[in-house]
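Peer 1: Sending over a structure as structure tokens; questions will come in a sec.
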């Protein structure tokens, strides 16, 4: 598995090997594939098994596509189990057992994936998927993005801020005057929560107070607003 940077093991039992050879080379139906124990596999048998393994690995790649892209490549073929070790005997692994039937013939193959191989996508495998749709839901993401840009946002126009003693503020009466530091030419600040967006000049349009924006909203302010949402 190239993207996972580790190995897996695929075993094909002798019954399946002889059945494939028998079917592809014109064996008649109803006959049992002849097995000769103890002899090495011929070049033809190894080529046919290699093709079978490549088909299985291609289907395994498509099975992993909803989670991540994984390219399974055939590294080598071993007929002696002692030379096919890819992990310690005590290491945890996942074993997938498959049965392939071709009418009255067939056999088994098994795919072994150590936990170390699956560790990079472990969090994805632990997710609970709803229904039959795996991975990201592009339709829901598009809808959420559209609604997010339509979400209402509270803005404040601040002309001035100043500090007064608490006792004086608690004793405010109708008719008292608060003197601010702002002048008629002072800039007002457009705020979203405690985030300063931009500034501008306060004026009037008809019977309503208005603010004319005199500077664009900075990228830093946009980022802070999106993070706060």
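Peer 1: Within the range 182-214, work out how many residues are out of contact with any strand residue (DSSP E or B) (no Cβ under 7 Å at 6 or more places or on another chain) and either part of a loop (DSSP other than H, G, I, E, B) or closer than 16 Å to residue 155 by Cβ (or both).
Peer 2: 12
Peer 1: Still on this structure, please answer the following. Restricting attention to the range 125-141, does a residue exist that is within 22 Å of residue 225 (Cβ to Cβ), out of contact with any strand residue (DSSP E or B) (no Cβ under 9 Å at 6 or more places or on another chain), at pLDDT below 85 and not in a strand (DSSP E or B)?
Peer 2: So far as the range 125-141 goes, yes, one or more of its residues are within 22 Å of residue 225 (Cβ to Cβ), out of contact with any strand residue (DSSP E or B) (no Cβ under 9 Å at 6 or more places or on another chain), at pLDDT below 85 and not in a strand (DSSP E or B).
Peer 1: Would you mind stating whether residue 144 is without any contact (Cβ under 8 Å) to a residue 24 or more places away in the chain, surrounded by 10 or more Cβ atoms within 10 Å (Cβ to Cβ), outside any helix (DSSP H, G or I) and out of contact with any helix residue (DSSP H, G or I) (no Cβ under 9 Å at 6 or more places or on another chain)?
Peer 2: It is false that residue 144 is without any contact (Cβ under 8 Å) to a residue 24 or more places away in the chain, surrounded by 10 or more Cβ atoms within 10 Å (Cβ to Cβ), outside any helix (DSSP H, G or I) and out of contact with any helix residue (DSSP H, G or I) (no Cβ under 9 Å at 6 or more places or on another chain).
Peer 1: Give the residue, chosen from 113, 67, that is at pLDDT below 85, in the same structural domain as residue 24 (by TED's automatic domain parsing), within 21 Å of residue 55 (Cα to Cα) and surrounded by 11 or more Cβ atoms within 10 Å (Cβ to Cβ).
Peer 2: It is 67.
Peer 1: Further, regarding this structure: If residue 104 meets every condition in (1) modelled with pLDDT under 80; (2) under 19 Å from the mean Cα position of the chain (by Cα) apart from one, which number is that one?
Peer 2: (2)
Peer 1: Across the range 72-110, which residue is nearest to residue 43 (Cα to Cα) among those that are in contact (Cβ under 8 Å) with a residue 40 or more places away in the chain and exposed (fewer than 13 other Cβ atoms within 10 Å of the Cβ)?
Peer 2: The selected residue is 75.
Peer 1: If you don't mind, another one. Only one residue in 217, 179 is out of contact with any helix residue (DSSP H, G or I) (no Cβ under 6 Å at 6 or more places or on another chain), under 21 Å from residue 148 (Cβ atoms) and assigned to a loop (DSSP other than H, G, I, E, B). Which one?
Peer 2: Of the residues listed, the single one that is out of contact with any helix residue (DSSP H, G or I) (no Cβ under 6 Å at 6 or more places or on another chain), under 21 Å from residue 148 (Cβ atoms) and assigned to a loop (DSSP other than H, G, I, E, B) is 217.
Peer 1: What number of residues within the range 39-64 are surrounded by 12 or more Cβ atoms within 10 Å (Cβ to Cβ) and outside any helix (DSSP H, G or I)?
Peer 2: So the answer is 1.
The values are calculated or read from the model by the stated rules, or taken from the named source; none is laboratory data. Keep in mind that what you see is a predicted model, and the values were worked out from it rather than measured. We place every Cβ from the backbone using ideal geometry, glycine too, and count neighbours over all the protein chains shown.
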